[in-house]
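Below is one structure, written out as structure tokens, with a few remarks after it.
The values are calculated or read from the model by the stated rules, or taken from the named source; none is laboratory data. All figures in this text were calculated on a predicted structure; none of them were measured in a lab. Glycine gets a Cβ as well: all are built from the backbone with ideal geometry, and neighbour counts include every protein chain shown. For accessibility, only protein heavy atoms count, side chains too; no ligands or nucleic acids. Shrake-Rupley method; radii C 1.70, N 1.55, O 1.52, S 1.80 Å.
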Amino acid sequence: GVMSLLRPLLLDVVPTIQQTAALALGRLANYNDALAEAVVKGNILPHLVCSLSEQNRFYKKAAAFVLRAVGKHSPQLAQAIVQCGALEMLVVCLEDFDPGVKEAASWALGYIARHNSELSQAVVDAGAVPLLVLCIQEPEIALKRIAASTLSDISKHSPELAQTVVDAGAIAHLAQMILNPDAKLKRQVLSALSQIAKHSVDLAELVVEAEIFPVVLTCLKDSDEYVKKNGATLIREIAKHTPELSQLIVNAGGVAAVIDCIGSCRGTVRLPGIMMLGYVAAHSENLSMAVIVSKGVPPLCASLVEEHEDHIKAAAAWALGQVGRHTPEHARAVAVANVLPTLLAMYMDTRSSEDLQMKATLKNILQKCTYLPALEPLLHDAPPNIMKHIVGQFSKVLPHDSKARRLFVTTGGLKKVQEIKAEPGSLLQEYINTINNCYPEEIVR
């Protein structure tokens, strides 16, 4: 029954008792959602809110802490805070002269906004965004960090919400902080810019116009893993939209920098960089060639082999497919890296996730690959649906290439083709017949 005992203490005549009571409630609510719910049910929020405006800075910080502790657990609890009129009070606290009060208020607003677009919109409607943009210009690092984080939480849900952050002039101030020596601030700044850029071409272009290239590439060499990851994420969110934006990144040296980054780290830090290369390569033959020329294929292959998480392997398999799907030359660049057997093994492994199996099917690459030495090892094990594509490529190349025909016999490829069981009249059988017709009958026998 502690809630009912603490509630009257919020209105005590002694300020330290008020503050300490608020702090106790905050710590309880912070612990889990059941206790946070008890704070709401105990009708404590209206008490906090009505005394927020006239109290001193210590009480304001403690009260904002309670609101943040309640709001962080679920959209329903955050909604309870909105309903008791706390947002307006928190926004007033963003104008307080004390940086600690601004920080506490900003933190609480971020925890409310992060849940969904409705709550985020409520924070915007309360007038928080212009004040948060002022907070990121304050000298205190801790306040800058949390204000940038809250802007990121507001921007992430929809293009409209991101646009309100842009309209308040946030991009220019965020872009200036990419080179700040504080790693935690850089993480939040890169995250906020990513959340803005991800929604649309127009928003991505506004971020690029703030001259973040080539400055942002230094983040890929940062000693802080999260700075690296968030830097690569920002570049990915820009690259995915259009060939023009991808080309701009290539021209700034972005592809080479991301490839170095993938080579130098492990685990989830690699993921946004892997996907960024896939997006760039997907746009056009030329951009895919830029990934190949910058030696992007080996680190993608390494990610396939070294990573344990299926979703990272799936991203690497997908990116390799995007690089190899354009022309025989592109497919050859992937095939030469000796990665096709690895992909095939992942495709056939029953322990692979569905997503990984789908991304590792090889079809993208096989439809263009005319580099036969890389395809031959696959004749052993491929399942029928993949075998059809592999044999199809041989049936395309062998009739026109005498050197390849000779090699195909001496390496045992022709022998393997004879061992394939194909349905009479099927496409696979047609391909096999085409291959056999390239040779005298006694060789086939």
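With a 1.4 Å probe and all protein chains left in place, how much of the accessible area of the chain comes from carbon and sulfur atoms, in whole percent? Before the final figure, lay out each step's value.
Details: 10340 of 19380 Å².
The computed percentage sits at 53.
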Whole Å is fine, so just give me how far the alpha carbon centre of segment 366-385 lies from that of segment 258-288.
25
One finds the C-alpha centres of segment 22-86 and segment 149-200 to be spaced, in Å, by 27
Student exercise, segment 370-444 dipole from Lys, Arg, Asp, Glu Cβ charges, in Debye to nearest 20:
180
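Identify the trypsin sites (Lys or Arg not before Pro) of segment 216-277 meeting these criteria: DSSP loop state and at most 15 other C-beta atoms within 10 Å of the C-beta. Show your work: numbers first, answer last.
Values: sites: K221, K228, K229, R236, K240, R266, R270; in loops: K240, R266.
Within segment 216-277, the qualifying trypsin sites (Lys or Arg not before Pro) (loop, at most 15 other Cβ atoms within 10 Å) are R266.
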In the chain, taking the dipole from +1 charges on Lys and Arg beta carbons and -1 charges on Asp and Glu beta carbons about the Cα centre, the listed residue (M275, G321, A69) farthest towards the positive end is G321
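When 1/r is averaged over all different Cα pairs and the result inverted, which Kirkwood radius in Å belongs to segment 370-444? Intermediate values should be presented prior to the final figure.
Details: mean 1/r = 0.0821 Å⁻¹.
Computed over segment 370-444, the radius equals 12.2 Å.
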Can you tell me how segment 287-326 classifies by the Cα gyration tensor, rounded, prolate or oblate, using a/c under 1.5 as the rounded cut?
oblate
J(HN,Hα) series, segment 400-410, from Karplus relation 6.51 cos²θ - 1.76 cosθ + 1.60, nearest Hz, glycine and proline x:
10, 9, 5, 5, 4, 4, 4, 4, 4, 6, 5
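Can you give the Rg/Rh ratio of segment 321-445, where Rg is from the C-alpha atoms and Rh is the Kirkwood radius? Could you put the intermediate results ahead of the total?
Values: Rg = 14.3 Å, Rh = 14.8 Å.
Expressed as Rg/Rh, it is 0.97.
Can you give me the accessible area per residue for segment 370-444, using a 1.4 Å probe, in Å²?
Working: 4120 Å² over 75 residues.
Averaged over the residues of segment 370-444, the accessible area is 55 Å².
Given 0.36 nm per residue, what is the gain on full extension from L179 to E225 after removing their alpha carbon distance, in nm?
Values: separation 46, 0.36 × 46 = 16.56 nm, distance 1.57 nm.
Gain in length upon complete extension: 15.0 nm.
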Using θ = phi - 60° and the Karplus curve 6.51 cos²θ - 1.76 cosθ + 1.60, what whole-Hz ³J(HN,Hα) does each residue of segment 297-311 get, with Gly and Pro shown as x?
5, x, x, 5, 5, 4, 4, 4, 7, 7, 7, 9, 7, 4, 5
How long are the semi-axes of the ellipsoid equivalent to segment 211-338, from square roots of 5 times the Cα gyration tensor eigenvalues, in whole Å, largest first?
21, 18, 11
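When only the heavy atoms of the protein chains count and the probe is 1.4 Å, how do C261, C84 rank by accessible area, highest first? Numbers along the way, then the final one.
Values: C261 10, C84 40 Å².
Largest to smallest exposure gives the sequence C84, C261.
For every helix of n ≥ 4 consecutive DSSP H residues, a contribution of -39,500 (n - 2.57) applies; sum these over the chain, divide by its total residues, and give [θ] at 222 nm rounded to the nearest 500 deg cm²/dmol. Don't jump to the answer; show the numbers that get you there.
Working: 32 runs with 318 residues, N = 445.
That comes out to -21000 deg cm²/dmol.
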Specify the inter-centroid distance of segment 1-20 and segment 91-139, based on alpha-carbon positions, in whole Å.
26
Binned at 20 Å from 0, what are the whole-percent values of the Cα-Cα distance distribution for the chain, short to long?
23, 38, 25, 11, 2, 0
For segment 1-106: rounded, prolate or oblate by the Cα gyration tensor [a/c cutoff 1.5]:
oblate
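Could you give the semi-axes, largest first, of the ellipsoid that matches segment 129-258, computed as the square roots of 5 times the alpha carbon gyration tensor eigenvalues and rounded to whole Å?
On the way: eigenvalues 92, 63, 24 Å².
Square roots of five times the eigenvalues give 21, 18, 11 Å.
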